[in-house]
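Heads up, the thing below is written out as structure tokens.
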Amino acid sequence: MTEPGGPAGASGSSSALGPLRAWVVAHPADIVDLFVYVVVLNVAIEYLPRVISETFTLSLLTAVLLKVSLEVVLLLKGAVLTRLRSATSRVATAGLAVALWVVAAGSKLVVLWLIDVAFGGSVSLGGFVPVTLLVIALLTSRAGVRLLLYREPAW
């Protein structure tokens with residue numbers, strides 16, 4: 001067992017857990033998000049017959065994949081919305097509105113594809129409509145928990 005002041009707990013340690021612990025300390029909201037995603041995903045697995053995960057470990061890994069992919073989608077959506085708000089012509093506004101729709105709808109297809117590539121038949125999110133409802137539930141739960149804990153919305 002490692003002592004608190006030992007190699008794994010020493011500051012400036014080069015152990016494998018050092019960078020991970022530093023990231024966790026710097027991003028506690030992301031860890032809370034991951035726990036929320038695991039809970040929401042497992043509730044969906046329990047009550048929606050088309051949402052399937054063979055093991056809890058796979059549901060945890062699926063939650064990690066969903067967290068990463070939804071963060072990327074939120075960044076893309078934010079970039080498109082920023083450009084949409086500053087658009088000065090109707091053509092630019094229409095083009096960016098279409099881009100926003102592509103990000104919103106296309107992200108669900110990308111999530112389904114990533115789940116299929118990563119886990120094959122061991123995990124299924126049930127198709128476009130169930131994954132859309134799952135993403136809405138994930139983001140709503142995330143916003144609610146962040147509002148409860150940090151008094152700031154997650155949007």
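The values are calculated or read from the model by the stated rules, or taken from the named source; none is laboratory data. Everything numeric in this text was worked out from a predicted model, so none of it was measured. Every residue, glycine as well, gets a Cβ built from its backbone with ideal geometry; the counts of neighbours run over all protein chains shown.
Here are some notes:
- Taking the listed residues A92, A29, A104, the one that is assigned to a helix (DSSP H, G or I), over 25 Å from S124 (Cα atoms) and touching a residue at least 12 places away in the same chain (Cβ under 8 Å) is A29, with no other qualifying.
- Members of the stretch 59-97 that are polar (S, T, N, Q) and under 29 Å from V117 (Cβ atoms): S59, T62, S69
- Qualifying residue in the stretch 104-124 (condition: more than 26 Å from H27 (Cα to Cα), of a type outside the set (D, E) and in contact with a strand residue (DSSP E or B) (Cβ under 6 Å, 6 or more places away or on another chain)): yes
- Subset of the stretch 142-155 [touching a residue at least 12 places away in the same chain (Cβ under 8 Å), farther than 16 Å from S69 by Cβ and assigned to a helix (DSSP H, G or I)]: A143, V145, R146, L149, Y150
- Filter result for the condition that a residue is part of a loop (DSSP other than H, G, I, E, B) and more than 16 Å from Y37 (Cα to Cα), over G120, G126: G126
- Single residue of L75, L70, L65 found to be surrounded by fewer than 17 Cβ atoms within 10 Å (Cβ to Cβ), outside any loop (DSSP other than H, G, I, E, B) and either under 15 Å from the mean Cα position of the chain (by Cα) or in contact (Cβ under 8 Å) with a residue 40 or more places away in the chain (or both): L75
- Within the option set V36, V110, being closer than 23 Å to L147 by Cα, touching a residue at least 40 places away in the same chain (Cβ under 8 Å) and in a helix (DSSP H, G or I) holds for one residue only, V36.
- Top-ranked residue of the stretch 13-30 - restricted to ones that are exposed (fewer than 11 other Cβ atoms within 10 Å of the Cβ) and of a type in the set (A, V, I, L, M), ranked as modelled with the lowest pLDDT: A16
- Scanning the stretch 31-62 for residues that are surrounded by fewer than 16 Cβ atoms within 10 Å (Cβ to Cβ), under 21 Å from T132 (Cβ atoms) and not hydrophobic (A, V, I, L, M, F, W, C) turns up E46, Y47, P49, R50.
- Flag if V98 is touching a Ser or Thr at 6+ places or on another chain (Cβ under 9 Å), of a type in the set (A, V, I, L, M) and part of a helix (DSSP H, G or I): no
- Total residues in the stretch 78-92, condition surrounded by fewer than 13 Cβ atoms within 10 Å (Cβ to Cβ) and either over 23 Å from L109 (Cα atoms) or under 9 Å from the mean Cα position of the chain (by Cα) (or both): 7
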